[in-house]
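One structure is given below, encoded as structure tokens.
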Amino acid sequence: MTSHFSYDINPGRILFGPGTINAVAAEIERLGRKRALILSTPFQRADAQALQAQIGSMAAGIFCEAAMHTPVDVTLRAMEAFNAADADCIVALGGGSTIGLGKAIAYRNNAPQIVVATTYAGSEVTPILGQTENGMKTTVRHPSILPEVVIYDPNLTTALPVAMSVTSGLNAMAHAVEAVYARDRNPVTSMMAVEGVRALRDALGVIVHHPDDLAARADALYGSWLCGSALGTVGMALHHKLCHTLGGSFDLPHAETHAILLPHSAAYNAHAAADALQPIAELFGGSIGSGLYDFAASLGAPLALRDLGLKEKQLDLAADLAVKNPYWNPRPVEREAVRLLLQRAWKGVRPE
Ligand code: NAD
């Protein structure tokens, strides 16, 4: 029986398909704005410059210093650039780091945001901002943070290196796996989550062999949109808490950490959330933990936290931090069980 639920539809507008980058100028106009500050990382500067040339006088300038974990000092420099260029909106072109910078600006000055998303991390469809200052990462959720327009142009993702495509895709799947057993889950989000995992599963298997395959790239972006929407709509649990702990306190890389931990955190919750996880388990041969592990291995994904530079002696502290102020989780978060989970993920052992 479909029971009571509440469902907040993410406001916003999605433009999907090859060539949709050409709609940026029209979207700025649609928002009633005239001058966009274009954001990117240093690595994607050429793409930002090409977009600047494309939109001509609607580009107020470009700021190409976006960095991982949204450092507040970078945000303050970007705000200066925004004001100096007399900009009235933001176009963020890139992955979660660039999108985070756009969100951080919008959170401070309420500027509307257009995002051209080029990874599978999903930040573009969430009202969540993580930012770092003095070595501390804090997270805020606010309506001004949610981008107004998202453009998914698969042409911009064919250059995403295979290794990043794989870890970013598994990062997206992790949002969906936690969404289906979320305490505040609802049938709409669960449907999006399962379809998102299916689309990514099929697409990633092609992308590892044919990174230029536009149809697979489109399917992966479609899947990442669905998984990101799930992240933006319902609460996350132990898996995200572990990743935030390892990223925030041990500086482990975002997407790789998600990719390695996902089979282990899914296995941790496999019995407690068996019914909710069943449709996703079926996509991976029936067993969620070992199925996700075998899938990640087949894509050549990293499988062991030790390969990311984490030391075995750091696992005790990681377990202590992860069980402190835990997020709600379908299975009780127990220190010893979490320590064992981390040990197995550190070694890269296949979950049973
Ligand atoms: P990223 O944005 O850091 O990108 C990694 C590198 O890949 C960058 O140099 C980037 O320029 C480059 N790149 C991106 N797309 C490319 C493409 N198509 N072709 C070639 N190079 C490309 O990585 P990410 O995993 O997307 O984002 C991670 C960050 O996003 C973390 O800080 C994480 O906390 C945040 N995040 C936030 C949310 C949220 O809802 N707030 C959700 C997911 C991730």
All positions within the stretch 330-344 that are in contact with a Pro (Cβ under 8 Å, 6 or more places away or on another chain) and either of a type in the set (A, V, I, L, M) or over 16 Å from LEU262 (Cβ atoms) (or both): VAL333
Tally of residues being of a type in the set (A, V, I, L, M, F, W, C) and within 15 Å of the chain's Cα centre (by Cα) across the stretch 93-108: 3
Residue count, the stretch 119-147 (criterion: more than 10 Å from the ligand (Cβ to nearest atom) and either buried (at least 19 other Cβ atoms within 10 Å of the Cβ) or in a strand (DSSP E or B) (or both)): 4
The stretch 51-69, residues that are closer than 22 Å to SER123 by Cβ and at pLDDT 95 or above: LEU51, ILE62, PHE63, CYS64, GLU65, ALA66, ALA67
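Conditions (1) more than 24 Å from MET191 (Cβ to Cβ); (2) touching a residue at least 12 places away in the same chain (Cβ under 8 Å), marked per residue:
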residue: SER265; (1), (2): no, yes
residue: GLN278; (1), (2): no, no
residue: SER298; (1), (2): yes, yes
residue: PRO302; (1), (2): yes, yes
residue: GLU312; (1), (2): yes, yes
residue: ASP316; (1), (2): yes, yes
residue: TYR327; (1), (2): no, yes
residue: PRO330; (1), (2): no, yes
residue: ALA337; (1), (2): yes, yes
Odd one out for GLY248, checked against (1) of a type in the set (Gly, Ala, Ser); (2) within 11 Å of the ligand (Cβ to nearest atom); (3) at pLDDT 95 or above: (3)
Test: GLN49 is surrounded by fewer than 24 Cβ atoms within 10 Å (Cβ to Cβ), free of Cβ contacts under 8 Å to residues at least 60 places away in the same chain and under 21 Å from LEU160 (Cα atoms): yes
Some residue of the stretch 86-108 being more than 11 Å from the ligand (Cβ to nearest atom), small (Gly, Ala, Ser) and more than 21 Å from ASN10 (Cα to Cα): yes
Qualifying position, being β-branched (Val, Ile, Thr) and within 13 Å of the ligand (Cβ to nearest atom), among VAL150, VAL177: VAL150
Residue tally, condition in contact with a strand residue (DSSP E or B) (Cβ under 7 Å, 6 or more places away or on another chain) and not hydrophobic (A, V, I, L, M, F, W, C), over the stretch 118-132: 6
Residue that is nearest to the ligand (Cβ to nearest atom) [pool: residues in the stretch 18-43 that are closer than 23 Å to THR70 by Cβ and in a helix (DSSP H, G or I)]: PHE43
Number of positions in the stretch 153-189 that are among the small types (Gly, Ala, Ser) and more than 16 Å from the chain's Cα centre (by Cα): 2
ASP202 being surrounded by fewer than 16 Cβ atoms within 10 Å (Cβ to Cβ), over 15 Å from the mean Cα position of the chain (by Cα) and assigned to a helix (DSSP H, G or I): yes
Residues of the stretch 193-237 classified as among the basic types (Lys, Arg) and either within 12 Å of the ligand (Cβ to nearest atom) or not assigned by TED's automatic domain parsing to the domain that holds ALA297 (or both), total: 1
Residue ID - farthest from ILE288 (Cα to Cα), chosen from residues in the stretch 324-337 that are surrounded by 13 or more Cβ atoms within 10 Å (Cβ to Cβ) and within 23 Å of the chain's Cα centre (by Cα): PRO326
Criterion: surrounded by fewer than 21 Cβ atoms within 10 Å (Cβ to Cβ) and closer than 26 Å to LEU305 by Cβ - qualifying residue of GLY248, GLY228: GLY248
Meets criteria (outside any strand (DSSP E or B), within 13 Å of the ligand (Cβ to nearest atom) and buried (at least 19 other Cβ atoms within 10 Å of the Cβ)) for ALA78: no
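The values are calculated or read from the model by the stated rules, or taken from the named source; none is laboratory data. Here the structure is a predicted model, which means the values were calculated and not measured. We place every Cβ from the backbone using ideal geometry, glycine too, and count neighbours over all the protein chains shown.
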